[in-house]
Structures are given as structure tokens and as C-alpha cells.
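Accompanying notes for the structure given below.
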Amino acid sequence: MKYILVTGGVISGIGKGIIASSVGLILKSCGLHVTAIKIDPYINIDAGTFSPYEHGEVFVLDDGGEVDLDLGNYERFLDIRLTRDNNLTTGKIYQSVINKERRGDYLGKTVQVVPHITDAIQEWVVKQAKISVDDDGVEPQVCVIELGGTVGDIESMPFIEAFRQFQFKVKRDNFCNIHVSLVPQIMCRCATPLENAVKEKISMFCHVEPTQVICVADVSSIYKVPLLLEDQGVVGYICQRLDLPIEMRARKMLTKWKEMSDRSDRLLEHVSVALVGKYTKFSDSYASVIKALEHSALAINHKLEIKFIDSADLEPNTLQEEPVKYHEAWQKLCSADGVLVPGGFGVRGTEGKIQAISWARKKKKPFLGICLGMQLAVCEFARNVLGWQDANSTEFHPESKHPVVIDMPEHNPGQMGGTMRLGKRRTIFKSNTSILRKLYGDAEYVDERHRHRFEVNPELKHHFEERGFHFVGQDIEGERMEVIELDDHAYFVGVQYHPEFTSRPIKPSPPYFGLLLAAAGKLQSYLQKGCRLSPR
């Protein structure tokens with residue numbers, strides 16, 4: 001096993017995740033099997049209880065693991081499927097060591113950071129690196145490990161010490177370190193490649209060869225980063241340094257990426273989507289949603305504009321208190337080509353989301369509702385078409401006479417962490433004419449990832465279907481409503497799952513792809529052509 005550790009200096013958020021993903025991609029393009037581990041030095045067990053404002057979105061894996069959003073980058077770049085144990089936290093390590101101590105595994109010894117915590121970190125990495133992340137079940141050959149935070153953080157110290165020891169255990173030919181740092185340049189609104197003199201200075205002070213100083217200047221798209229690393233000989237260096245068995249030949253995977261990233265610079269047509277949510281001031285809160293929209297826009301050769309709208313700004317209260325903000329929000333909504341209401345928790349802004357859904361339904365604007373977005377589409381239809389004025393989710397109005405969305409039996413409100421319906425679940429299509437089924441390649445079923453505590457009340461289903469509001473996708477037992485579609489509408493779709501988590505740059509997520517096709521006015525021709533795009 002070859003290990004590549006990616007660390008960061010100066011500031012957090014410097015781009016370690018993209019570098020780790022890009023290095024993994026260019027090695028995978030050489031025919032190697034690559035896995036990835038993200039280390040987060042915080043004490044939380046997982047990311048499940050994080051506020052999106054605190055740490056960005058919570059990414060969900062097939063096995064239901066709620067993890068750091070960097071694992072989303074790994075999956076998208078490498079087209080792999082990770083597990084919850086690919087995200088290692090201080091909390092997980094200390095919990096495992098304390099459990100061992102309670103069982104008496106340490107035979108009465110004093111349990112310390114060195115060697116017990118550091119040994120546990122190394123054992124976890126060695127064990128997890130062997131787990132296959134590809135469909136062929138082959139054991140990985142290379143493990144890229146990203147250490148979160150910055151070197152020097154007090155939280156990172158046990159991990160730094162663990163890897164200091166690790167490099168000697170696995171031997172030099174099997175371990176190398178990529179350190180990502182910031183090079184400030186005194187310039188006006190500009191970030192350019194480094195001159196050789198600067199590289200040589202960094203080389204001298206960091207005790208590495210000048211060829212080992214790689215410049216990652218600002219680029220127009222993160223998808224250009226692997227190509228930037230490739231151009232500077234990163235593959236050649238890593239292969240020589242780690243004695244990797246690969247041939248230096250043209251690589252189809254990187255060729256596809258180059259074509260895709262070049263195309264992104266040449267887009268002339270525009271399409272806009274209103275993203276109506278409650279965490280819109282921090283775009284990382286919707287990282288995978290934004291990426292899924294970008295993947296789909298690129299697939300139809302359109303430049304994407306996302307209009308971020310705080311759903312609370314669409315509500316009548318805002319009209320009274322801040323009329324300018326209210327009118328600006330509605331202007332953004334009304335000028336968008338499509339509307340997306342993503343998942344979320346809590347009552348704030350839900351009425352504004354319902355207003356946006358109502359507008360999209362009545363004006364026949366393409367609409368996609370994800371998780372809570374789908375549930376609120378059910379509430380909106382119940383209120384304004386079925387005439388159930390107080391229709392609501394019991395999450396927001398427990399005493400509603402028309403509880404169209406209810407909590408699931410396995411939800412335990414006494415504990416927040418790990419109590420949701422999480423991970424990969426199967427959805428069976430109940431209709432042969434479903435638009436979404438066609439977008440999925442006329443599949444009989446799909447496996448997508450979930451993260452929710454509430455669900456559509458199945459007892460009220462028939463009231464909706466009588467009025468053209470169809471539950472075209474359901475779980476295996478037929479008890480959980482998974483996909484909604486509305487008659488006589490260009491594209492009005494809601495899904496209980498989170499399709500953004502499995503979207504890939506070269507394989508966009510079908511529900512998002514459908515939204516973008518409809519927003520660009522191309523959905524009908526796409527369906528008529530047997531779900532094929534016109535030649536570029």
C-alpha cells in the first residue's frame with residue numbers, strides 16, 4: 001500500500017481537499033485503484049449534528065455515514081463510493097481507545113496519547129486503506145489521506161505525531177507528504193503562476209527539490225486542478241518517489257476531464273436557477289447541490305447562474321419590516337428560469353419556501369424539491385388545491401388537522417445524532433410514464449442516499465393522486481413516498497432522497513439534469529430523442 005498524506009499550512013480552507021482529490025484522480029487515470037481518507041481533528045464523532053453555517057453541508061454516504069463535505073469531492077473526482085470509516089475524527093479515535101481501556105485491553109497500563117492514541121490512528125488508516133471503494137471490489141493500491149485544519153493546531157498534534165512514526169513503519173518508498181501552503185503575492189486582484197526564483201527560494205527553505213514545489217495558481221474551474229498538477233509532472237514525481245507500477249501513456253480519464261474543463265470556458269448560453277433555502281449566506285451549506293447544478297448545466301452546454309434567495313425574505317413579515325429585501329427576493333425568484341428548494345431542518349423560512357413552490361406550480365416554472373423541498377410541495381398542494389388550509393408537517397405544526405407530513409416510527413426525538421433514515425435506499429418507480437424514470441434511463445428502480453426524520457403521510461396519498469399529483473416513486477414496501485410529479489407541468493418534481501450526493505462531473509444526477517433541461521427549454525426535445533442530447 002502506498003500512502004500520500006496531504007497537510008496544510010497558514011490557513012484552513014486553503015484547498016487541501018481539491019489537491020487530495022486531484023492527486024487521486026490523476027493516479028486513478030493511470031489505472032491505479034485509489035482510496036481516500038479524510039481526518040478531521042474535531043472531537044465530534046461525525047458531522048451529523050453540525051449546523052450548516054458552522055461547517056458547511058453534511059455529506060451522506062451509501063452506508064448512512066454523515067461526514068465532512070470533502071468526502072463529496074473525493075467521490076465526485078474519483079467516482080468511488082466511500083464508507084463512514086473513511087472519515088476519521090478525534091472523537092472516533094478517543095472513543096475506540098476508551099472502549100478498549102474499559103474492556104481491559106491495555107492490561108492495566110496507563111493509557112496515553114503516545115503510544116495509544118497515535119497507534120490507534122495508524123491502525124485505523126492501515127485497516128481502512130484496504131477497503132475497496134470501486135465496483136470491482138479490488139483492494140486499493142494508493143491511499144490519499146487529507147489531514148484537516150493546519151499544521152500547528154493543537155487538535156492536529158496527535159495526528160502529526162502518528163504520521164511522523166508511520167513514515168518509518170511503512171518505509172520511505174511507501175509514504176510521501178504533500179504540504180499545501182499559501183504564497184502571498186503583492187499584486188492587484190491577481191493570482192499568477194510562481195516564477196522559478198520563488199520556487200527555488202521555497203525549495204531552499206523547505207528542504208525539498210525545486211521540482212517538488214508545485215504551483216497551483218487560481219484557475220477558472222476546480223476541474224482544471226488535476227490538469228495543472230499533471231502539467232507540472234506530479235504523476236512522474238509520485239511514481240518515481242513511491243515506485244508505482246504504471247506506464248506513462250495517454251490516459252482516457254484525464255482526456256475526458258480536459259474536454260470538460262475546456263468546454264466550461266466556452267459556454268455562451270445562460271440558464272438561471274433560484275435556490276430558495278435558509279442557509280444561503282454560506283454557499284458551503286449547499287456544496288453538493290451547487291455541484292450537481294453545475295454538472296447538469298455543463299452537460300447541456302449552458303453557463304449557470306444561481307440566484308440565492310433566503311426563503312424568509314419571501315414571507316409577508318419581511319414585506320412589513322424590510323420591504324426592499326422582500327421585493328428584491330421576489331424579483332430574483334420571478335426572473336429565474338427554474339426553482340430549486342433543497343433540504344433543511346427547522347421551521348424558519350418554511351412558509352417562504354411554500355410561497356416559492358406555489359409560484360413555480362402556478363406559473364409552470366420548472367421546479368425541483370429535495371427532501372424538505374418535496375415535503376413542502378406536498379403541503380403547498382394540500383393547502384391551495386385540496387383546500388386543507390392548515391395542512392403541514394408535524395415537524396412544524398404537531399396539532400395540524402391535516403398532517404400531510406409525519407415523523408417516521410424509527411425517529412427517536414430524545415437523541416439528535418444518528419437517528420435519521422440515512423444512507424442508500426431503493427426507490428421503485430410505480431409509473432411507466434414518469435419523467436424522472438425516463439431521465440434515469442427507464443430504470444425500474446434507483447438507489448439513492450437519504451437523510452430525513454419525516455415523511456409524507458401515506459394514508460392521504462389517494463387525495464393527491466385524484467387531483468393529478470402523483471407519487472411515482474415509493475420504497476420497496478410501498479409505504480414511503482419517494483418521488484412526486486405533477487400532471488400538466490413542464491417539470492414539477494420532488495424527491496425524498498438527496499440525489500446531489502451521487503452526482504458526478506461527467507455523470508450528472510438525473511433529477512438535477514431534468515431541472516436544467518427544463519429551465520433551458522430543452523426537456524421535451526431531449527425526451528422525444530430518446531433521452532439523447534444534440535451533438536455538440
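Here are the numbers for this structure:
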{"read-out": "Pair list, Cβ < 8 Å and 6+ apart or interchain, from segment 454-474 residues that are touching a residue at least 40 places away in the same chain (Cβ under 8 Å) to residues that are open to solvent by 40 Å² or more (accessible area, probe 1.4 Å) and basic (Lys, Arg)", "value": "Phe471/Lys430; Phe471/Lys461; Val472/Lys430; Gly473/Lys430; Gln474/Lys430"}
{"read-out": "Criterion: hydrophobic (A, V, I, L, M, F, W, C), in contact with an Asp or Glu (Cβ under 6 Å, 6 or more places away or on another chain), assigned to a loop (DSSP other than H, G, I, E, B) and modelled with pLDDT of 90 or more - qualifying residue of Val111, Val6", "value": "Val111"}
{"read-out": "Some residue of segment 418-429 being touching an Asp or Glu at 6+ places or on another chain (Cβ under 9 Å), open to solvent by 60 Å² or more (accessible area, probe 1.4 Å) and either at positive phi or modelled with pLDDT under 90 (or both)", "value": "no"}
{"read-out": "From Phe513, Phe471, Phe464, Phe501, residue being in the same structural domain as Pro403 (by the TED database), farther than 30 Å from Asp262 by Cβ, of a type in the set (Phe, Trp, Tyr) and assigned to a helix (DSSP H, G or I)", "value": "Phe464"}
{"read-out": "Elements of type helices (runs of 4 or more DSSP H) contained in segment 301-414, each with 2 or more residues being among the hydrophobic types (A, V, I, L, M, F, W, C)", "value": "323-335, 350-362, 372-384"}
{"read-out": "Filter pass, Ile145 being among the hydrophobic types (A, V, I, L, M, F, W, C), in contact with a Phe, Trp or Tyr (Cβ under 9 Å, 6 or more places away or on another chain) and part of a helix (DSSP H, G or I)", "value": "no"}
{"read-out": "Unique residue being touching a residue at least 60 places away in the same chain (Cβ under 8 Å), open to solvent by 30 Å² or more (accessible area, probe 1.4 Å) and among the aromatic types (Phe, Trp, Tyr) when the list is Tyr94, Tyr42, Tyr106", "value": "Tyr42"}
{"read-out": "Residues within segment 260-281 that are loosely packed, with under 13 Cβ neighbours inside 10 Å and in contact with a Ser or Thr (Cβ under 8 Å, 6 or more places away or on another chain), tallied", "value": "1"}
{"read-out": "Evaluation of Glu399 against (1) without any contact (Cβ under 8 Å) to a residue 12 or more places away in the chain; (2) closer than 25 Å to His450 by Cβ (one fails), failing number", "value": "(2)"}
{"read-out": "Boolean, Ile300 is in contact with a strand residue (DSSP E or B) (Cβ under 6 Å, 6 or more places away or on another chain) and on the phi < 0 side of the Ramachandran plot", "value": "no"}
{"read-out": "In segment 511-530, residue most open to solvent (accessible area, probe 1.4 Å) [restricted to those that are at pLDDT below 95 and not aliphatic (A, V, I, L, M)]", "value": "Gln528"}
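For (1) more than 12 Å from the chain's Cα centre (by Cα); (2) open to solvent by less than 20 Å² (accessible area, probe 1.4 Å); (3) touching a residue at least 40 places away in the same chain (Cβ under 8 Å), each residue gets a yes or a no:
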site: Ala47; (1), (2), (3): yes, yes, yes
site: Pro52; (1), (2), (3): yes, no, yes
site: Gly72; (1), (2), (3): no, yes, yes
site: Thr83; (1), (2), (3): yes, no, yes
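Here's the yes/no breakdown for (1) touching a helix residue (DSSP H, G or I) at 6+ places or on another chain (Cβ under 9 Å); (2) farther than 22 Å from Ala518 by Cα; (3) modelled with pLDDT under 95:
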| position | (1), (2), (3) |
| --- | --- |
| His295 | yes, no, yes |
| Glu315 | yes, yes, yes |
| Ala336 | yes, no, no |
| Gly344 | yes, yes, yes |
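The values are calculated or read from the model by the stated rules, or taken from the named source; none is laboratory data. Quantities reported herein were computed from a predicted structural model and do not represent experimental measurements. Neighbour counts are summed over all protein chains in view; Cβ atoms, including those assigned to glycine, are modelled from backbone coordinates with ideal geometry. For accessibility, only protein heavy atoms count, side chains too; no ligands or nucleic acids. Shrake-Rupley method; radii C 1.70, N 1.55, O 1.52, S 1.80 Å.
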